[in-house]
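The values are calculated or read from the model by the stated rules, or taken from the named source; none is laboratory data. None of the values given here were measured: they were computed from a predicted structure. Methodologically, a virtual Cβ is constructed for each residue, glycine included, from the backbone with ideal geometry; neighbour enumeration extends over all protein chains shown. The protein model used for the area step is the full one, side chains on, heavy atoms only, and it has no ligands, DNA or RNA in it. Shrake-Rupley method; radii C 1.70, N 1.55, O 1.52, S 1.80 Å.
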Amino acid sequence: MTIREIKTFPEEVLRNKAQPVDVFDEDLVSLVDDMVETMRVAPGVGLAAPQIGVSKRVIVVEFGHEEDENIPKRLYVMINPEILNASEETVNGIEGCLSVPGLIGEVTRSQVVTVRGQDLNGKPVKVRAQGWLARIFQHEIDHLNGMLYTDRSENFWQPDDDDDDEESF
């Protein structure tokens with residue numbers, strides 16, 4: 001596993017629509033391993049391949065239980081993810097991004113999403129996520145479409161000491 005450099009705005013790769021994955025091989029496994037290691041070291045709760053300069057539709061998300069920190073985190077690896085359903089119910093939340101360091105912003109996202117994609121072997125997977133997990137999936141899938149959270153926020157600012165518990169995606 002290799003810790004990769006996280007690309008930051010205004011790097012062009014962050015604004016391009018990522019290409020679908022059609023080959024499920026050892027190179028893909030290595031990419032995902034590097035993404036997980038990079039995300040953990042950063043530290044973050046999600047990472048999209050374009051954030052490390054690879055224009056492929058691959059995301060990793062690692063998140064625990066919102067209300068019980070004693071429940072272990074779960075790692076999600078999704079290849080070619082797409083949002084199938086998004087609730088009409090939305091919620092505002094504060095987001096940060098590893099590719100936009102030094103800023104946080106308020107973003108409105110769907111409270112519940114169903115995401116479909118593939119695992120590392122190309123087999124179909126589906127995840128129904130709500131709350132912060134839904135927010136993370138939406139944030140990472142935005143990266144695959146060349147969108148940053150700052151595109152969705154009219155209100156962003158530099159964090160202060162009171163904001164240090166916010167997660168970066």
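Backbone N atoms of region 1-19 closer than 17 Å to the 7 Å Cα→Cβ label point of V36 belong to residues 1-4.
Find, among the chymotrypsin sites (Phe, Trp or Tyr not before Pro) in region 24-83, those assigned to loop by DSSP (not H, G, I, E, B) with at most 15 other beta-carbon atoms within 10 angstrom. Here the sparse-neighbourhood loop sites are F24. Just checking the listed ones, M78, M147, M35: in the Gaussian network model of the chain with Cα springs under 10 Å, the one fluctuating most is M147.
Using alpha carbons only, how many angstrom separate the centre of region 9-53 from the centre of region 90-169? Region 9-53 and region 90-169 have Cα centres spaced 15 Å from each other.
Across region 26-169, the mean sequence separation of Cα contacts (distance under 8 Å, 6 or more residues apart), normalised by length, yields a relative contact order of 25 percent. Solvent-accessible area assigned to carbon and sulfur over region 6-161 amounts to 44 percent, based on a 1.4 Å probe.
Within region 45-74, the GluC sites (Glu not before Pro) that combine a DSSP coil assignment with at most 14 other C-beta atoms in a 10 angstrom radius are E66, E67, E69. Using the 1.4 Å probe convention, the accessible area of region 1-146 works out to 50 Å² per residue with neighbouring protein chains retained.
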